[in-house]
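The values are calculated or read from the model by the stated rules, or taken from the named source; none is laboratory data. All figures in this text were calculated on a predicted structure; none of them were measured in a lab. All Cβ positions, even for glycine, are placed from backbone atoms using ideal geometry, and neighbour counts span all protein chains on display. SASA here: full protein model, heavy atoms, side chains in, ligands and nucleic acids out. Shrake-Rupley method; radii C 1.70, N 1.55, O 1.52, S 1.80 Å.
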Amino acid sequence: MIVFPASSISGGVAFVSRSINADFSATQNTTANFPCTTTNIPSPNSPTRRPPPLTTASKVSVSNGGSSRTLSGSDRSASSSDDERQLRRSAEWETAKAYKERGLLFEGNVEGFNNGGLLIRFYSLVGFLPFPQLSPSHSCKDPDKKIQEVAQSLVDTTLSVKVIQADEENRKLIFSEKESSWLKFSPQLKYGDIFVGRVGSVEDYGAFVHLRFPDGLYYITGFVHVSEVSWDLVQDVRDVLIVGDQVRVKVINIDREKSRVTLSMKQLEEDPLLETLDRVIPKDYTLDLNASDSGHLATIEPLPGLNTIIQELLKEDGIHDVRISRQGFEKRVVSQDLQLWLSNAPPVGNQYTLLARAGRQVQEIQVVTSLDQEGIKTALQNVLERVP
């Protein structure tokens, strides 16, 4: 972006910001009225003393070596006006840098738009707000509108924005409404909160979901990783979600330093591995319930890697016996890797239940122990650290 000085109008100073890109929809000359200086913020509004009106066209001769040139009073007035504009423009860039460094919000008027974003007035400068930096509230309000239509509806309105780049040398003044919304609304987010959201975009690695706040508007976008979409194995997120879907999500992580919130869909569903085998496998599925105490190892072959875990678990203090009691097969595949979980089922005497799953196969394991539930979790953790 290049900032050009314009002529002084009625004693005020105006500047015009013009993009060198041909697709800027409009450029405008606007006389800037500057507010009072705010505390501890560099102000572009330092008072300047205007020279008294000249009643005569006095001239000053300036000598440079052997040559000399004569400046008329009007020349000196034009030079002073140029200096004044340059000083004020530099002061405004310093103000923009202060806004960025201190994370302050600015209420900026939308002057126009182009194919990439909005033009935002910052005192007499005009900066740029890329479309991806808009708050999701605009697109969610009317999902059928194209981004250019959204932009047109925002012209001559005021947006609360944050300065994310202020580079005077390269004439780059960039704003973000999304970052402004984060500063305003992220304090309302807490771990474990449940939101209704709208899917904004879907990628191979997950989906971006706009969160709906109590006032019905969408201010913050979170991310659902592919592993948090479902307990089922998801090869392609697009098989499960499409843009515009309404979903329920749970907040599982908030990174306030990086302005990121991580969401989960599957944690709002019951994890089948935390139940008994009867809950994991519906009754119309195949269950091997006839494994006897003396022949269970002969009738049920442990899942790959499970036998090593059982042998290591028996080495732990307080573990007296570990045996596979039964198995079943599911129609769905959650993971080809071996998963081992402690069931939420209450213990029977001194016997706890573990569940192991790989592919479609699920096996139930009975652990006879003098340990409590936390003790078993610790023992399992010790074993899993030893087993590659």
Going by the conditions given, is V126 part of a strand (DSSP E or B) and either at positive phi or open to solvent by less than 10 Å² (accessible area, probe 1.4 Å) (or both)? no
Show the residue pairs that are 6+ apart or on different chains and have beta-carbon atoms under 8 Å apart, the first residue being within region 199-213 and farther than 14 Å from D245 by Cβ, the second being aromatic (F, W, Y) and surrounded by fewer than 19 Cβ atoms within 10 Å (Cβ to Cβ). F213/F185
Kindly indicate whether any position in region 225-241 is of a type outside the set (S, T, Y), farther than 28 Å from R360 by Cβ, out of contact with any Pro (no Cβ under 7 Å at 6 or more places or on another chain) and loosely packed, with under 13 Cβ neighbours inside 10 Å. no
Failed item in (1) surrounded by 16 or more Cβ atoms within 10 Å (Cβ to Cβ); (2) in contact with a strand residue (DSSP E or B) (Cβ under 7 Å, 6 or more places away or on another chain), with L217 passing the rest: (2)
Is it the case, given these coordinates, that V163 is within 13 Å of V247 (Cα to Cα) and assigned to a strand (DSSP E or B)? no
Residues to consider are D236, D204, D232; find the one that is at pLDDT below 90 and within 18 Å of the chain's Cα centre (by Cα). D204
Counted residues, region 146-171 - those being open to solvent by 70 Å² or more (accessible area, probe 1.4 Å) and within 16 Å of N114 (Cα to Cα): 5
Determine whether N109 is over 29 Å from G197 (Cβ atoms), open to solvent by 30 Å² or more (accessible area, probe 1.4 Å), among the polar types (S, T, N, Q) and not in a helix (DSSP H, G or I). yes
Check region 307-314 and report whether any residue there is under 29 Å from D232 (Cα atoms), exposed (fewer than 14 other Cβ atoms within 10 Å of the Cβ) and modelled with pLDDT of 90 or more. yes
Answer yes if at least one residue in region 344-355 is surrounded by fewer than 16 Cβ atoms within 10 Å (Cβ to Cβ) and among the β-branched types (V, I, T), and no otherwise. yes
Answer yes if at least one residue in region 133-145 is polar (S, T, N, Q), crowded, with 17+ Cβ neighbours inside 10 Å, out of contact with any Ser or Thr (no Cβ under 8 Å at 6 or more places or on another chain) and at pLDDT 95 or above, and no otherwise. no
Can you report the number of residues in region 365-378 which are buried (at least 19 other Cβ atoms within 10 Å of the Cβ) and modelled with pLDDT under 90? 1
